[in-house]
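Below is one structure, written out as structure tokens, with a few remarks after it.
The values are calculated or read from the model by the stated rules, or taken from the named source; none is laboratory data. Keep in mind that this is a model prediction, so the values were computed, not measured. We place every Cβ from the backbone using ideal geometry, glycine too, and count neighbours over all the protein chains shown.
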Amino acid sequence: MSARGFASQSPTPPPRALQGQKPGRQVQFEQLLAADQLQPAADLAVDLMSTDPTTRLNADFVASVIGLRQRLGVADPGLALLDDCIRANPAHEGLRLQRSRLFGLKAEWQQVIESWYGWFPASTAFAPGFDKFLAGYIQSAAKAFSEHRYFDGALICCRYLAFRSDNADLWSNLGIFQTRLSHFGASEKSLLNSIRLNPSRSNVWNSLGNLYSKTARHDKAIEAFRKSIELEPSNPNPWSNLANEHHIKAELDEAYRCSAKAIELKPDSPPSFDHLTRMRRVCDFAGIQKQDWFDAAQTMPVNSIPFTSLNFLTLAETHDQHLKLRAVYERWAQWVQNPAYQSPISQPMIARLGRDGAPIRIGLLSADLRQHSVAKFLNPIVDQLDRHRFELEAFSCYPDPNDPVQKELRIKIPQFHDVERLSHRELASLVRERSIDVLMDLTGFTNHNRAGVVAYRPAPVQIGWLGYPGTTALADLDYLLLDQYLAPASPDYMVEKALIMQGSSVCFGSMTEIAITEELPCQRNGHVSFGSLNNSYKLTPKVVDLWASVLRQVPNSRLLFYRREFESRLLRENLSAEFASRGVDPSRLTMINNRAQGRYFLDCYNDIDLSMDTFPVVGGTTTCDALWMGVPVVGLEGTNIHQRVCSAILRNLGCPELVAVSEEEFIAKSVALAQDVPRLIHYRSTLREQMRQSVLCDAHAFARNFEVAITSAVQSA
């Protein structure tokens, strides 16, 4: 029966016997609850309701029974019982709260709204003073949002939509909460309801655009942001969001234009790190160098720091810059840690840590348990880990049941928890409840990260791995899992300790079998072809300095760029001008959007004789891709983690001769290799098999080394 019936049916008053002294067995039930004897209490409740039907209409008793069944994880905690009791006790707020929460957990938001039908007469909603009363609850919802209590905020909105379904603010706020809860279908309906009631509100169109962006409907997001701008062209927020959509689609020129417009509209605001990203992608070196970005980071909003973390890495090359980078992250870490330290989780730590022969339980915390490089690096662990000695549980911050990789992971890791809608504190509580021995944060500062969960110390051992090549500065993250070549030269660059694995700390497992063209490009074309498939944000003035120096010393050589970003006119023009200013004719550069040509990225390496890596942010996956295709990579090794990924891969592969430790050596090694055709032929014919036989692709050996490292961390706890 619809909850609307709560208002239309005549309520039955509670039986007289229940209005006075509680019967003895009811007292016994409460005592069992107080003693946490949950199953005996549940059994007694069933007996009570079968022998004394009046208990089914006792509001306090029913509320206790519903709560008990929830704690026991019963699939249906008793919605029919709850509805009957609400009809008998229509003014009981607690019962309605329980009902709304139960349906909210099932994402049945219309039922949440209907839970409040008939709570008080509908005419009250239009009485003088109600709007002021309503404003107070909207403030409560705003407070819930600021505290990341999105579920609570959504319940507040629903409660008052039961009486004021004509309120556009309530619908838009509900839609925002539902977006944060990943209830995307419900969110879209709520936001469209708000627009139907008031189509001229720019901020709601902006929220709708954010929803479409989050669900990868980027064309619809662009339409919504443009509508928001049409309604309020002076608002910088939709301009920034529109820039991000074009950025995601690698439409760099439009991204740059919209981002510049957003800055124009807020000239007195702190420097825009979003615009720094746009400038990096189109190689606007002059614009980047106008600002001391480390100084600017001291005044940027703390919650924005993770979203600009890759930008910071491109700025961190020297010892002093590495220490500045750590200081930026320590500022963020303090902000994250404060709420965790002020309101710690209450569950006791009952992890087993492998004692008495129990398997070590590892929790994988990540937003990338889907089609993503992190999931690829996890495969050797998921497939090869000794399940007698180790157990895996997954905590997915980006649930996507339709993603083929995630579907497979859900089968391989039966304890797979979708946790995106949980607050940091709620997620930490879940990790603690699951008795996780080792929590591994696989996301770091990247998108949808939940690094703040670590601050609650939900597990006795906490390790960072894969997600981000550097420190998070979180005091409660015990280790970063690294290998001997990846570990930084100075421990001062990290807050965490280095947990050193034998061999490599990443394993690529199997790679895609794309045919290698045996003849070198230089043999076919009569000139040497350098090449790069690295993201354009990794290109810096110093990279261009060194690459240009190499090109000048290898006459008639060419430099090929293959990425979809090179569809950008701004990027092509800026890069051409930078090389021209260093004495390299732009006609020696080839910049191609291989996607537009329908060409698979690995096949592009068949046009390349050798690759020079970027720095200080070096290539990881791109380095392995090149080596797999028989293309040697010359890498410049720095002192911090983000500067050592390429050199660690080369050293673990057994090619230390391709690692340079100074800029002069980088130029010399690149020039010498370009002029040594027999050596290039040797690499072409041997690198793939060398990779297959190395620790980089040996999943079995990698899993055993991983087990040793994790065991050592547990034994040290």
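Quick look at the numbers
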{"item": "Per-region count, region 484-516, residues part of a strand (DSSP E or B) and in contact with a helix residue (DSSP H, G or I) (Cβ under 6 Å, 6 or more places away or on another chain)", "result": "2"}
{"item": "Residue that is surrounded by the most Cβ atoms within 10 Å (Cβ to Cβ) [pool: residues in region 326-360 that are within 25 Å of MET494 (Cβ to Cβ) and free of Cβ contacts under 8 Å to residues at least 12 places away in the same chain]", "result": "GLN334"}
{"item": "All positions within region 341-380 that are of a type in the set (Ser, Thr, Tyr) and assigned to a loop (DSSP other than H, G, I, E, B)", "result": "SER343, SER346"}
{"item": "Per-region count, region 41-97, residues β-branched (Val, Ile, Thr), over 17 Å from GLN26 (Cβ atoms) and either assigned to a helix (DSSP H, G or I) or in contact with a Pro (Cβ under 8 Å, 6 or more places away or on another chain) (or both)", "result": "1"}
{"item": "Test set (1) under 14 Å from TYR562 (Cα atoms); (2) touching a Gly at 6+ places or on another chain (Cβ under 8 Å) - ASP625 fails condition number", "result": "(2)"}
{"item": "Candidate set from region 211-227 (those that are in a helix (DSSP H, G or I) and either farther than 29 Å from PRO399 by Cα or among the basic types (Lys, Arg) (or both)); member that is farthest from the chain's Cα centre (by Cα)", "result": "LYS227"}
{"item": "Positions within region 309-323 being surrounded by fewer than 18 Cβ atoms within 10 Å (Cβ to Cβ) and either part of a helix (DSSP H, G or I) or at pLDDT below 95 (or both), in sequence order", "result": "HIS319, ASP320, GLN321, LEU323"}
{"item": "Lone qualifier among SER269, SER234, SER259 - being assigned to a helix (DSSP H, G or I) and without any contact (Cβ under 8 Å) to a residue 40 or more places away in the chain", "result": "SER259"}
{"item": "Unique residue being hydroxyl-bearing (Ser, Thr, Tyr) and within 22 Å of ASN652 (Cβ to Cβ) when the list is SER716, SER670", "result": "SER670"}
{"item": "Enumeration of residues in region 386-423 that are under 19 Å from HIS183 (Cβ atoms) and in a helix (DSSP H, G or I)", "result": "GLN406"}
{"item": "Residues located in region 572-593, provided they are outside any helix (DSSP H, G or I) and on the phi < 0 side of the Ramachandran plot", "result": "SER581, ARG582, VAL584, ASP585, LEU589, THR590, MET591, ILE592, ASN593"}
{"item": "Matching entry among GLY619, GLY635, GLY598, GLY630 (being at positive phi, in contact with a Leu (Cβ under 9 Å, 6 or more places away or on another chain) and not in a helix (DSSP H, G or I))", "result": "GLY630"}
{"item": "Odd one out for PHE395 among (1) within 14 Å of TRP465 (Cα to Cα); (2) in contact with a Gly (Cβ under 9 Å, 6 or more places away or on another chain)", "result": "(1)"}
{"item": "Breaking point among (1) crowded, with 22+ Cβ neighbours inside 10 Å; (2) in a helix (DSSP H, G or I), for ASP383", "result": "(1)"}
{"item": "Complete set of residues in region 127-169 that are more than 29 Å from the chain's Cα centre (by Cα), basic (Lys, Arg) and in a helix (DSSP H, G or I)", "result": "LYS132, ARG159"}
{"item": "Matching option when the condition is under 29 Å from ILE500 (Cα atoms), of a type in the set (A, V, I, L, M) and assigned to a helix (DSSP H, G or I), among ALA668, ALA703", "result": "ALA703"}
{"item": "Some residue of region 507-524 being closer than 30 Å to ALA703 by Cβ, at pLDDT below 95 and charged (D, E, K, R)", "result": "yes"}
{"item": "So ALA186, is it hydrophobic (A, V, I, L, M, F, W, C) and over 20 Å from ALA168 (Cα atoms)", "result": "no"}
{"item": "Residue within region 671-680 that is touching a residue at least 40 places away in the same chain (Cβ under 8 Å), within 30 Å of ALA358 (Cα to Cα), touching a Cys at 6+ places or on another chain (Cβ under 8 Å) and not in a loop (DSSP other than H, G, I, E, B) present", "result": "no"}
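One line per residue, one yes/no per condition, for (1) surrounded by fewer than 23 Cβ atoms within 10 Å (Cβ to Cβ); (2) within 33 Å of the chain's Cα centre (by Cα); (3) at positive phi:
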{"position": "GLN643", "(1), (2), (3)": "no, yes, no"}
{"position": "GLU664", "(1), (2), (3)": "yes, no, no"}
{"position": "ALA672", "(1), (2), (3)": "yes, no, no"}
{"position": "HIS682", "(1), (2), (3)": "yes, no, no"}
{"position": "GLU689", "(1), (2), (3)": "yes, no, no"}
{"position": "VAL695", "(1), (2), (3)": "yes, yes, no"}
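Per-residue answers, yes or no, for (1) under 30 Å from the mean Cα position of the chain (by Cα); (2) surrounded by fewer than 21 Cβ atoms within 10 Å (Cβ to Cβ); (3) among the small types (Gly, Ala, Ser):
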| residue | (1), (2), (3) |
| --- | --- |
| GLN523 | no, yes, no |
| GLY526 | no, yes, yes |
| SER536 | yes, no, yes |
| VAL543 | yes, no, no |
| SER549 | no, yes, yes |
| PRO555 | no, yes, no |
| PHE561 | yes, no, no |
| ARG569 | no, yes, no |
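Here is a yes/no grid of residues against (1) farther than 21 Å from PHE151 by Cα; (2) surrounded by fewer than 18 Cβ atoms within 10 Å (Cβ to Cβ):
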residue: ALA59; (1), (2): yes, no
residue: ARG69; (1), (2): no, no
residue: LEU79; (1), (2): no, yes
residue: ARG96; (1), (2): no, no
